[in-house]
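Enquirer: Here's a structure for you.
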Amino acid sequence: MVFHIDENRQGAAFVSVPETEYCGASAPAPLLDAQAIRTLYEVEQISGIRMDHLAILDWHSIGRLVDLVGGVDVELDPAPGDSGPTRVDVAAEQIVDFVGGDVASPPDEIARILRQQRLLDAVLQNALHQEFRKQPLQLHRALHLVSTGLAVDRTWSMTQMARLVISLRNLRSRAITYHTAFPDCDGATLWEQVRSDRLGG
């Protein structure tokens, strides 16, 4: 995923890059098999955007954050025959199974991306709501839980990360949008919107 923050800090966007080829034309090698730096390079080639930093956060860390906020409800698209979307309660210990493991086919990959995005949206709605942000101890615990499972590149210091978090203090979950970049379909348009700060809410 690419996380883009608007220059004015009022909006942000997650852009998922599929690991499998979906559009039927030639695509880069699956990112899943690459080392972290190679993955970063591939995404830069796909997007035409230089990434400022590389951060690796596993889903177990997200699970600890889910545990802190008391679980999350995730809205899923309706199954065949259902009249509308359904909401499922996802507990911390279910996170890894919910987002899915390795996939072999493009439709499965797209379904997994959607679950990941819906889960992140639900977690951020809980973590960024006004009442939670008014509780310094809870906010500190949330940041600590995330940081324990976070690996970043050597050029990104703790001071810089802290300044970034502070600069996002007014960011709300409704201002964060979610997108998927298909390399050989509408990806070029999507990445142009990233460059011009036109994705965030």
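The values are calculated or read from the model by the stated rules, or taken from the named source; none is laboratory data. Computed from a prediction, not measured in an experiment: that's the story for all the values here. Neighbour counts are summed over all protein chains in view; Cβ atoms, including those assigned to glycine, are modelled from backbone coordinates with ideal geometry.
Quick grid of which residues meet (1) at pLDDT 85 or above; (2) over 15 Å from the mean Cα position of the chain (by Cα); (3) over 25 Å from ARG87 (Cα atoms):
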| site | (1), (2), (3) |
| --- | --- |
| GLU131 | no, yes, no |
| ALA142 | no, yes, no |
| THR148 | no, yes, yes |
| GLN160 | yes, yes, yes |
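Enquirer: Provide a single number: the residues in region 166-177 that are exposed (fewer than 11 other Cβ atoms within 10 Å of the Cβ) and among the hydrophobic types (A, V, I, L, M, F, W, C).
Expert: Residues flagged as exposed (fewer than 11 other Cβ atoms within 10 Å of the Cβ) and among the hydrophobic types (A, V, I, L, M, F, W, C) within region 166-177 amount to 1.
Enquirer: Look through region 66-89, keep the residues that are modelled with pLDDT of 80 or more and crowded, with 17+ Cβ neighbours inside 10 Å, and return whichever of them is nearest to ILE113 (Cα to Cα).
Expert: Looking at the filtered set, the residue picked out is VAL74.
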